[in-house]
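Let me begin by presenting the structure, written as structure tokens, before commenting on it.
Quick note: the coordinates plus some simple rules give every number you see, no bench work behind them. Computed from a predicted structure; not experimentally measured. Counting neighbours? That spans all protein chains shown, and the Cβs are built from the backbone with ideal geometry, glycine included.
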Amino acid sequence: MAGSYIDFSQVDFRYDAGLGPPNWILKGLDLGIERGEFYVLLGPSGCGKTTALNLLAGFEHVHGGSLTVGGRPVTAPGVDRVVIFQGDDSLYGWLTAQENVEFGLKLAGVPAGERRRKAQQQLDFVGLGKQGHKFPSQLSGGMKQRIQIARALVCESPILLMDEPFAALDAQTRAILQDELTTIQQRTASTVLFITHDIGEAIILADRVGIMRSGPGSALKEEIEIALPRPRRRGDPAFGALYDRIHAILSEEVTRVLRREQASQ
Amino acid sequence: MSATRKSFYRGAACVVAFLVLWEAGARLFLVPAVLPAPSQIAAELVSYAATGKLGYDLLMSGQRVLVGFAIGSLLGATLGLLLGSFKASQWLLEPPLQFFRFIPPIAWLTPVLIWFGIGESGKYVLIAYTTTFMVMINTYAGVVGIRQNQLRAARCLGATRWQAFRLVIIPTALPHILNGMQIGMANSLQTLVVAEMLAANEGLGFLIINSRISLSTELAYVAIFLLGVIGFLADSSFRAFAARVAWKYKLA
Amino acid sequence: MTSSSDALAATARAAESGGPARTRAAVMKRVRGTVSLVLRYAVAAAAIGLAWELFSVRFDSPVLFPGPAKTAARAVELIEEGRLQSDILISLRRILIGFAIGSLVGALAGLAMGSSRLIADLFRPLVNFFRFIAPTAWIATAMVWFGLGEASKISLIIYATVFVVLLSSMIGVGAVAPNKIRAARCLGATDRQIFFLVTLPGALTYVLTGMRMALMNAFMTVVAAEMIAAEAGLGFLIYNSRQWMETDSIFVGMLALGIVGLIADRLFVLVSRTLLRRFSFH
């Protein structure tokens, strides 16, 4: 798999438990994502998928193996890999929606006028063109996630990292945002790593789905190409077939977790 | 009758009843040396104010609090921000902070008197310490309690350490700084009173303690009343400031 | 104040772990936590001691600024004379009595004001006025009313405690989730039952938080009161030593205050956590 645009190669990661044995989260994770690909990482909770994303974001550092983007090792967070977080707690409550979107440009020293124009463009793009003056606390959960997306898009980052960004939303809003995200990704041609535990969401969005084993010492269990044409419909029989297939793989892992939890009680 | 008006009338009725009972009780059963009646206190307030001495006392007390408070707020916010931003200082700093929390600022009065004498500088130092400490621990707690995702978002949007400090940590700490200043002001008033009781010849604290010598209990109550008013006004202005000017920093 | 990064790492660990070694890991974590805490306090004490020593050497005036050694020697003397212990006990006794009465009155009044609109309306203006008067402002009055004995100091500590606990308890009642009360009501609870089975347990954390803050206020007030009007106690020790320029005794008194205060606070947290653990989960 060496040579992929984003390349996890034999990646290990652990949390040190002081006097006790270290707690291995990832062990020998191999994962390659191509430029412009929409990759969804799926797995039982606690399997280390968020850890994989944090490593790529540069928030955490590998303890073994290598992690490169475009051939260069990841050492620190950077504006080429913007994260869209799960909750809305990463938005700045003291800034308006517009100012939140401008934040990355401000950091880069972009002049105010250009900043405002670009942010307005992105706000229009995510359908919040008239809400820019509001504060995050005045917006709904779905709107806040759109602001986060706009904040990332405005930086024209080639890679978007999304950590269950729609998990806290209601089903209707989630479905709408999934469709919007597909459109956005096709238009911007950015590379996306998207974390979720929702099989349906994975099939709707992904070019390729990676399914992780349950931890500890997790790695990739299986990869599935999703070749369905877009826009995808949940009613599609092919969707159902894929769903059943992924569900079968995933439930083995979930059952293992449950069995272990029962044994440890 | 609307609910708020009803609340107001009930409260007013209770205040009036309290004052009437006090007035009657004081006039019928007690001598002014023990408890003067509200009307006697009010009369004293007017007559003492007319002599112009009250203005001087208020000025002195106000100056002591404001100078010390301003220095302390600035120092406390700076220290809290710096100490909270470095992990090593967190590790090292928490134990001594916990310890010094329990040495009341008032206890520092004695060494301060020995080191600085009974002049104004000692009082400034004392009030400044009182405020610094409160503002510092609140600011520190605010910085340490910052949401990790807000810092991470800034970093992945390309923030330098200094940018993250200026644009994320300071705004997050702001409501905590204000909160610390609010508590610091209340504590400063406490410290001030004691300092003026023990080491001053003017000011509200002096009026209270001096009444035992001058046998003017009414004047002591005037001072107590004014301290309450000042405390209330200070607290309300902090609240108003937080609500009107700094409101957006409170929001998540 | 645990540092947030530690807490976050711990949460992450808990979420991502799931190995069979969970309980052992928990024990290890606790051991490690205690060791690290003791180490931190030791390092901090050493750092402060060193800074103090250096400062006093520079200051070069054992009378005005005694170093740790001289202060320690003075502490030993005061302990041998029996003065330090008795001063600590006298101050503690005043604090405990005043704090207990003040907390009880404050909690009852706060719960009453939180539960009844009428009571809240009646007393809110008075409470809001008196709570802004510094307890120390009443020192002279307390002496006139209650004399120079224990009653005057205890009354001041009650005053310092009451309003903090009252306000916190009142907020606590308001913070009980309406659905908890609705749930009880639709399960057939009477008003009385709702108060004792839902409101009171729900507000308890707030009462305790208020008490913890009040404990600090009580320490502050007792020192002030003893500085002005007492013949014994830590405040008296600290202030009276000034007349003889015994700065070392002043330092001993202040250190004792810090230590006693810290222990009292830790004990309060420990007791409220162990006895009332279940009420802190909402």
- Task: Treat each spin label as a single point 7 Å out from the Cα along the C-beta direction, and report the residue A:170 to residue C:186 distance in nm.
- Result: 1.9 nm
- Message: Which log10 I(q)/I(0) values does the protein assembly as shown give at q = 0.05, 0.06, 0.08 Å⁻¹ under the Debye formula, counting every alpha carbon as one identical point scatterer?
- Response: -0.36, -0.51, -0.85
- Rounded to 5, percent antiparallel among DSSP beta bridges of the protein assembly as shown: 50 percent
- Item | 222 nm mean residue ellipticity, helices alone, for chain B (DSSP H n ≥ 4; -39,500 (n - 2.57); rounded to 500) | -27500 deg cm²/dmol
- List the lysines whose Cα lies under 17 Å from the Cα of residue A:130, skipping any in the same chain that are fewer than 8 positions away. A:118, A:144
- Message: Among B:73, A:65, C:48, which residue has its Cα furthest toward the positive end of the charge dipole of the protein assembly as shown, with +1 on Lys/Arg Cβ and -1 on Asp/Glu Cβ?
- Response: A:65
- Tell me the trypsin sites (Lys or Arg not before Pro) within region A:195-263 that lie in a loop according to DSSP and have at most 13 other beta-carbon atoms within 10 Å. A:233, A:234
- Message: To test your reading of the geometry: what angle, between 0 and 90 degrees and rounded to tens, separates the Cα axis of helix A:237-263 from the longest principal axis of chain A?
- Response: 60 degrees
- region C:95-128 residues near the modelled residue B:13 label - backbone nitrogen below 13 Å, point 7 Å along Cα→Cβ: C:118-123
- With a ≥ b ≥ c the root eigenvalues of the C-alpha gyration tensor of chain B, is it rounded (a/c under 1.5), prolate (a/b larger than b/c) or oblate? oblate
- Item | Global form of region C:68-280, assessed from the alpha-carbon gyration tensor, a/c cut-off 1.5 | prolate
- Hull volume in cubic angstrom per residue (convex hull over the Cα atoms of chain A): 149 Å³
- Note on the structure: When B:120, A:225 are ranked with the fewest other C-beta atoms within 10 Å first, the list becomes A:225, B:120
- Members of B:248/C:29; A:106/B:248; A:134/C:180 lying beyond 28 Å, as alpha-carbon distances in this model show: B:248/C:29; A:134/C:180
- Based solely on its DSSP helices, what 222 nm [θ] is calculated for chain A when runs of n ≥ 4 H residues each add -39,500 (n - 2.57) and the sum is averaged over all residues, nearest 500 deg cm²/dmol? -12000 deg cm²/dmol
- Query: In region C:174-282, which chymotrypsin sites (Phe, Trp or Tyr not before Pro) are in a loop and have at most 14 other Cβ atoms within 10 Å, using DSSP for the loop call?
  - Reply: C:244, C:281
- Message: Within a 10 angstrom radius of the beta carbon, how do B:140, A:92, B:48 rank from fewest other beta carbons to most?
- Response: B:48, A:92, B:140
- Whole-number percent relative contact order across region B:36-250, with pairs defined as alpha carbons under 8 Å at least 6 apart: 27 percent
- Normalised by the number of residues in chain A, what is the relative contact order in percent for Cα pairs under 8 Å and 6+ residues apart? 25 percent
- Message: Counting each pair of different Cα atoms once, what's the Kirkwood radius of region A:1-81 in Å, rounded to one decimal?
- Response: 13.2 Å
- Once Lys and Arg get +1 and Asp and Glu get -1 on their Cβ, which of C:177, A:52, B:126 lies farthest toward the positive end of the dipole of the protein assembly as shown? C:177
- Measuring from its Cα centre, chain B shows a charge dipole (+1 at each Lys and Arg Cβ, -1 at each Asp and Glu Cβ) which, in debye to the nearest 20, is 1340 debye
- Item | Inter-site label distance for residue B:86 and residue C:104 at 7 Å from Cα along Cβ, in nm | 5.0 nm
- Which helices, counted as full DSSP H runs in chain C, have an axial Cα extent of no less than 15 Å and a Kyte-Doolittle average of 0.0 or above? C:4-16, C:22-59, C:83-115, C:117-130, C:150-175, C:200-228, C:247-275
- Item | Paramagnetic reach from residue A:16 in region A:46-67 [backbone N under 16 Å; point 7 Å along Cα→Cβ] | A:60-64
- Answer with one residue from B:182, C:241, B:104: the one whose Cα lies farthest towards the positive end of the charge dipole of the protein assembly as shown, charges on Cβ with Lys, Arg +1 and Asp, Glu -1. B:182
- In degrees, nearest 10, range 0 to 90: what is the angle between the Cα axis of helix B:53-85 and the longest Cα principal axis of chain B? 20 degrees
- Task: For region A:88-177, calculate the relative contact order in percent as a whole number, restricting contacts to Cα pairs under 8 Å that are 6 or more residues apart.
- Result: 35 percent
- Taking Cα atoms, the helix A:112-125 axis meets the longest principal axis of chain A at an angle in degrees (rounded to 10) of 60 degrees
- Item | Residue order, fewest to most beta carbons within 10 Å, for B:14, A:155, B:156 | B:14, A:155, B:156
- Roughly how many nanometres apart are two label points built 7 Å out from the Cα toward the Cβ at residue B:53 and residue C:70? 4.1 nm
- Task: Please state the charge dipole magnitude for region A:170-215, taken about the Cα centre, from unit charges on C-beta atoms (+1 on K and R, -1 on D and E), reported in debye and rounded to the nearest 20.
- Result: 200 debye
- Size of the dipole of chain A about the Cα centre, Lys and Arg at +1 and Asp and Glu at -1 on the beta carbon, nothing else charged, in debye to 20? 480 debye
